[in-house]
Structure formats: C-alpha cells, structure tokens
Amino acid sequence: MEQVRAEFARLDGLVKAAEFDSLIDPRVVRVTLGDGIGSASSCRFDVRWYRGGFYNVHHVDEEGVNFRYDHHPKTDAPDRHFHPSPDAPSDDAVRSCIRVEEPTLVTRAVHSLWRRAYSKDSLQSLNAAEDPP
C-alpha cells in the first residue's frame, strides 16, 4: 500500500494528501486531489490492496460522482472489472481496461484514466484505453 500512496503523490501536483486510514493497521490509502472532473472542486480515491493481489480503487467527489476499478472474484462479472459513474453500482460491472497487476502500474493506469477524464472534462473515457498505463 505504501507503493500506491507514494506513486499517487509522485504522479500529480493536484494531490493534497495521500494518507493511510491507520498507522497501526492500514487497510485503505486515501488520496485527496485539489480538483475534480467537471464542476467538482476536489475528489478522493480510496484504495484497498489485498495480499492476494486483489484491489479496489474507489473514486468519489462532492458532486456525487463515483466509479470503481476492482480486481477480485465476482460471479456475474470478470475478475478485473469497472463500476461506471455516476454511482458505481455493484450490479452494473463491466470488464476493466486495466490489465496490469503490479500496484505501481495499477496506480499509474488509474491516474492516467482519471487525468484524461479530468483534461477532457468528461467521464466517458474512464474505462476506455488499450492496456493502460
């Protein structure tokens, strides 16, 4: 999880904080950015990484825009899946464009997809890439 925290902090000057939920037993890295997609003035990524290599990267902002990149077994979706915006419903997962597995590369892929959506001011391309990063 330290790799994820450090990589987010390194990748973007908009990162205002990249902190663990607990110093003793961290389960989540919370990455806060000082701007967001569209009219959002900030956003946050909550990242969970599991020992088996599974992960959950959840985006949320004050405009109610949620989306998630997940890698875990799911009976009704591919193991690597994406829950689209605006509300990231659990029953609407589609195949994720992120194919990499290493924490630093997944972080780069998520950041790259978010940064493109941020630059275009559009949520349409959040899961549209050929094997990012």
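Each value in this text was obtained by applying a stated rule to the coordinates, not by laboratory testing. Since the structure is predicted, the reported quantities are computational estimates derived from the model, not experimental observations. In this analysis, Cβ positions are derived from the backbone assuming ideal geometry, glycine residues included, and neighbour counts consider all displayed protein chains.
Please work out how much length the chain gains when fully extended from S39 to K16, using 0.36 nm per residue of separation minus the C-alpha to C-alpha distance, in nm with one decimal. It would help to have the intermediate numbers written out before the result.
Values: separation 23, 0.36 × 23 = 8.28 nm, distance 1.79 nm.
Additional length available on full extension: 6.5 nm.
Nearest 5 percent is fine: what portion of the DSSP beta bridges confined to region 28-129 is antiparallel? List each step's numbers first, then the result.
On the way: 24 of 25 bridges.
That works out to approximately 95 percent antiparallel.
Relative contact order for region 2-120 using alpha-carbon pairs under 8 Å, separation at least 6, rounded to a whole percent?
On the way: 218 pairs, mean separation 20.8, N = 119.
Rounded, it is 17 percent for region 2-120.
Evaluate the distance, in nm, between pseudo-label points positioned 7 Å from the Cα of D91 and of E63 along their respective Cα→Cβ axes.
2.7 nm
Restricting to DSSP loop positions (anything but H, G, I, E, B) with no more than 14 other Cβ atoms inside 10 Å of their own Cβ, which chymotrypsin sites (Phe, Trp or Tyr not before Pro) remain in region 1-66? Intermediate results must be reported in sequence, preceding the final value.
Values: sites: F8, F20, F45, W49, Y50, F54, Y55; in loops: Y50, F54.
Sites meeting the loop and neighbour criteria: Y50.
A128: net charge of surrounding residues, Cβ under 14 Å, Lys/Arg +1, Asp/Glu -1, itself excluded? The partial results should precede the final answer.
Numbers: positive: R95, R99, R115, R116, K120; negative: E130, D131.
Result for the local shell: +3.
About the Cα centre of region 87-133, how large is the charge dipole given +1 on each Lys and Arg Cβ and -1 on each Asp and Glu Cβ? Please answer in debye to the nearest 20.
Numbers: 6 positive and 8 negative charges, 52 e Å.
It works out to roughly 260 debye.
Just how large is the dipole of the chain about the Cα centre, in debye to the nearest 20, putting +1 at every Lys and Arg Cβ and -1 at every Asp and Glu Cβ? Intermediate values should be presented prior to the final figure.
On the way: 17 positive and 22 negative charges, 62 e Å.
Result for the chain is approximately 300 debye, rounded to the nearest 20.
What is the distance in Å between the Cα centroid of region 1-69 and that of region 101-133?
13 Å
Between D131 and E2, how many nm apart are label points set 7 Å from Cα along the C-beta direction?
Label-label distance for D131 and E2, simple model: 3.1 nm.
Per-residue ellipticity at 222 nm for the chain, helices alone: DSSP H runs ≥ 4 residues times -39500 (n - 2.57), over residue total, nearest 500 deg cm²/dmol? Could the numbers behind the result be given before it?
On the way: 2 runs with 28 residues, N = 133.
That comes out to -7000 deg cm²/dmol.
About its Cα centre, how strong a charge dipole does region 1-53 have in debye, to the nearest 20, once Lys and Arg get +1 and Asp and Glu get -1 at the Cβ?
Details: 8 positive and 8 negative charges, 19 e Å.
Dipole of region 1-53, to the nearest 20 debye: 100 debye.
With Cα extents along the principal axes in Å in mind, check (1) 45, 40, 31; (2) 83, 36, 24; (3) 37, 36, 24 and report the label derived from this structure.
Answer by label: (3).
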